[in-house]
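These notes concern the structure reproduced below.
Read-outs throughout are calculated quantities, based only on the coordinates presented, and are distinct from any laboratory measurement. Just so we're clear, the structure is a prediction, and the values are computed from it rather than from any experiment. Positions of Cβ are generated from backbone atoms using ideal geometry, with glycine treated the same way; all protein chains shown enter the neighbour counts.
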Amino acid sequence: MSNTYEIIISGFGGQGVLSLGQILAYAAMIEGKEVSWMPSYGPEMRGGTANCIVIISENRISSPIVTTFDSGIILNQPSMDKFFGKIKPGGLLLYEQSTIIKPPAAGTIDILSIAGMKEAQALGSKQVANVVMLGAFLERKPVVSPESVMKALQKVLPEHRRHLLPVNEKALIRGKELVAHAVPAV
Amino acid sequence: MKANSEISLMKGNEALAEAALRAGMQAYFGYPITPQSEILEYLAVHGTKRGAVILQAESELAAINMVYGAAGAGARVMISSSSPGISLMQEGISYMASAEIPFLIVNVQRGGPGLGTIQPSQGDYFQATKGGGHGDYRLIVLAPASVQEMADFVFDGFRLAEKYRVGTMILADGALGQMMEKVVQPPMGSLPLAEKPWATAGKPPSRERNILTSLFIQPEKMEEVNLKLQRKYREIQSEVRYEAIQVEDADIILVAFGLAARISQKALELARHKGIRVGLVRPITLYPFPSAILSQIALSAEAFLVVEMNAGQMLEDVELAVRGEKPVHFKGRMGGMLPSPEEVLREIESIAAVHAANSELIS
């Protein structure tokens, strides 16, 4: 089971949390790993949180639905409230700075605050905030390579969005830089 | 999605729809309902241009009777819906069972009863395996537990339906329909269309006319039809399929199908990690039900734990197979809620504790 990595990605509908998960799953598949992507598709999506569970493994994945996670990528306060306590000890919780009103207290998990929205706006496209978050996540937890992510983006982005590949690549790199140069949170 | 056999990442619903086209499905009739609408949507985009008739009917009732007509004319036909929609189709399913029409029906279950919720459920086990519609009939019921099986079972579904001239149901759930996993699609043309000499596809002068009906007003004739159906269902028992995981040394046997089996497998891993010897039997065909393997395991195992996303429906079939030889416990969640692997683990631990105490008393 130690070869298995379980991630929750959660935020408002429209922030790209489901596609963030899809890109991650696709990249892992390109690397020949076992993957599952389980979205929430319930009434909670209308106005509340949308989330997906991504599991990446060297082995056959048993349950695609789990209740505790190795990492969380959190993009709004309701998701923080819901999943903060669900990160395994020693796990990573990465959140988007501007959307979190009550930042979590440091404890037994690694917590990183990333200015995903601000950086995305600086790159000229609010829509790539999720990819900034992904870049930041991968810098700390390299479960897939950035090359695989770029290949995945080419697959996941529909034809009429392919012109957005360069800005997505910039967002991915920017996210990685933010974490590489970050001072660890106390 | 390109039509080649490379690995792709697909939703269960989409993988099933793509598989249907590769399996040579000639017609699909449906009516949208969450959480299976992607099947209709995918086929609407890809099906027509690949030569299939794809039709959104005005209602579930119309759709199932379109299946009756098209399959009666010899076409390879699929229909899909989710729980409340499947209830509306029961009359047509019973008629087709009587008229011996082969067809494939997909139920991507949601929580009920009633209009219920759109969240995943296994609440339609009884309906799928014990009839659903009226009269003494059965469907072959296949229970996928992965996106790969959502695709593969379409092929099995058509093959079995045509072999026995029965309806085959793929009994999935909302989670399997919505989740994405790796899938390798079977190649096109791997399921050739066989002659259907019984079909009402136009009468050549060389034979008598074919009649497909479910109306046999003389009881003697109706019983004859029933006896024939029962012979067929006995023959179908040979198609039983299941997966057995780590059962050889197991004290506690989990029995679960579909998504519940995936959750149970995780619980098995957690329990084994704690030194509790747990095995899992996953019925793949729910009808025919794998009773023999459970009867056999009942001789060596200490206890059974049935895990379902319902109030305990397959539980009754497990109890019938175990015949009181060993205790059969149950863990279920209903109405669109899922049992978590940890919940199942706690159940395993309490069963293990009771049995440890009992065996100490005996020794």
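Can you give the translational diffusion coefficient of the range B:254-363 in µm²/s, computed by Stokes-Einstein from the Kirkwood radius over Cα pairs at 10 °C and 1.306 mPa s?
Numbers: Rh = 14.1 Å.
Reported coefficient: 112 µm²/s.
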Exercise. Taking a threshold of 20 Å on the Cα-Cα distance, which of the pairs A:K126/B:K182; A:K126/A:K170; A:K155/A:K176 fall above it?
Worked result: A:K126/B:K182; A:K155/A:K176
Seminar exercise, completed: Here the convex hull volume per residue of the range B:54-128, taken over Cα atoms and given in Å³, is 90 Å³
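Starting from the Cα-Cα distance between B:A57 and B:E91, subtract it from 0.36 nm times their residue separation and give me the gain in nm to one decimal.
Numbers: separation 34, 0.36 × 34 = 12.24 nm, distance 1.64 nm.
Additional length available on full extension: 10.6 nm.
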Exercise. Working from the pairwise distances between different alpha carbons, so that the mean of 1/r is found and then inverted, what is the protein assembly as shown's Kirkwood radius in Å?
Worked result: 25.0 Å
For this session: Mind listing the long-range amide H neighbours of B:V166? Cut-off is under 5 Å, sequence gap 5 or more, other chains count too, H placed in the peptide plane at 1.01 Å from N.
Result: B:F103
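Counting trypsin sites (Lys or Arg not before Pro) as exposed when in a DSSP loop with at most 15 other beta carbons within 10 Å, what is the longest stretch of chain A free of them? Provide the component values of the computation, followed by the final result.
Values: sites that count: A:R46, A:R60.
In short, A:61-186.
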Problem set entry | Residues listed by number, the range B:283-314, amide nitrogen under 13 Å from B:V354 label point at 7 Å toward C-beta | B:302-306
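As an exercise, find the ratio Rg/Rh for chain B from alpha-carbon atoms, using the Kirkwood inverse-distance average for Rh.
Numbers: Rg = 21.3 Å, Rh = 21.2 Å.
On the Cα set of chain B, Rg over Rh gives 1.00.
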Exercise. What is the Cα centroid distance between the range B:238-260 and the range A:106-157, reported in whole angstrom?
Worked result: 40 Å
Problem set entry | Using alpha-carbon coordinates, inclination of helix B:37-46 to the longest axis of chain B, degrees | 40 degrees
Problem set entry | HN-Hα J in Hz across the range A:97-112 - Karplus 6.51, -1.76, 1.60, θ = phi - 60°, x for Gly and Pro | 3, 5, 9, 9, 7, 10, x, x, 7, 5, x, 8, 10, 7, 10, 10
Seminar exercise, completed: Farthest towards the positive end of the dipole of chain A, among A:P166, A:V35, A:Q121 and with Cβ unit charges of +1 on Lys and Arg and -1 on Asp and Glu, lies the Cα of A:Q121
For this session: Can you tell me the dipole magnitude for the range A:74-183 around its Cα centre, using point charges on the Cβ only (Lys, Arg +1; Asp, Glu -1), in Debye to the nearest 20?
Result: 200 debye
For this session: Compute the Cα gyration tensor for the range B:1-59, then decide on rounded, prolate or oblate, letting a ≥ b ≥ c be the square roots of its eigenvalues: rounded whenever a/c is under 1.5, prolate when a/b is larger than b/c in the other cases, and oblate in all that remain.
Result: oblate
Problem set entry | Residue mean of other protein chain beta carbons inside 10 Å, B:174-185 | 5
Seminar exercise, completed: Ranked on Cβ counts within 10 Å of their own Cβ, fewest leading, B:F126, B:F29, B:F155 go B:F126, B:F155, B:F29
For this session: May I ask for the longest run of chain B untouched by GluC sites (Glu not before Pro) that are loop-located per DSSP and have at most 12 neighbouring C-beta atoms (other than their own) within 10 Å?
Result: B:59-194
Exercise. Which whole-Hz couplings ³J(HN,Hα) result when phi for each residue of the range B:326-339 is put into the Karplus expression 6.51 cos²θ - 1.76 cosθ + 1.60, θ = phi - 60°, listed in order with x for Gly and Pro?
Worked result: 9, x, 10, 9, 9, 10, x, 10, 10, x, x, 8, 10, x
Exercise. Taking springs between alpha-carbon atoms closer than 10 angstrom, which of B:Q265, B:Q237, B:Q122 fluctuates most in the Gaussian network model of chain B?
Worked result: B:Q237
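Output the pairs from B:K196/B:K228; B:K130/B:K266; B:K163/B:K228 with a Cα-Cα distance over 21 Å in this structure; if there are none, say none.
Values: B:K196/B:K228 19 Å; B:K130/B:K266 29 Å; B:K163/B:K228 15 Å.
In this structure, B:K130/B:K266 exceed 21 Å between Cα atoms.
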Problem set entry | Cβ-based exposure ranking for B:S37, B:S59, in which fewest neighbours within 10 Å come first | B:S59, B:S37
Exercise. Does the range B:28-153 classify as rounded, prolate or oblate by the C-alpha gyration tensor (a ≥ b ≥ c root eigenvalues; a/c under 1.5 gives rounded; else a/b over b/c gives prolate, otherwise oblate)?
Worked result: rounded
Seminar exercise, completed: Expressed in nanometres to one decimal, the distance between label points 7 Å along Cα→Cβ at B:E41 and B:L227 is 5.2 nm
Exercise. Can you work out the FRET efficiency for the pair B:R323 and B:H273, with r the C-beta to C-beta distance and R0 = 35 Å, to the nearest 0.05?
Worked result: 0.60
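Please go through the range B:1-105 and write out the trypsin sites (Lys or Arg not before Pro) that DSSP classes as loop and that have at most 10 other C-beta atoms within 10 Å. Each step should come with its number before you reach the end.
Working: sites: B:K2, B:K11, B:R22, B:K49, B:R50, B:R76; in loops: B:K2, B:R76.
Sites meeting the loop and neighbour criteria: B:K2.
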For this session: Among DSSP beta bridges lying fully in the range A:4-180, give the percent that are antiparallel, nearest 5.
Result: 50 percent
Exercise. If you project the alpha carbons of the range A:4-180 onto the principal axes, what extent comes out on each, in Å, largest first?
Worked result: 39, 38, 36
Seminar exercise, completed: Taking the dipole of chain B about the Cα centre (Lys, Arg +1; Asp, Glu -1; charges at Cβ), the one of B:G258, B:V77, B:L171 that reaches farthest to the positive side is B:V77
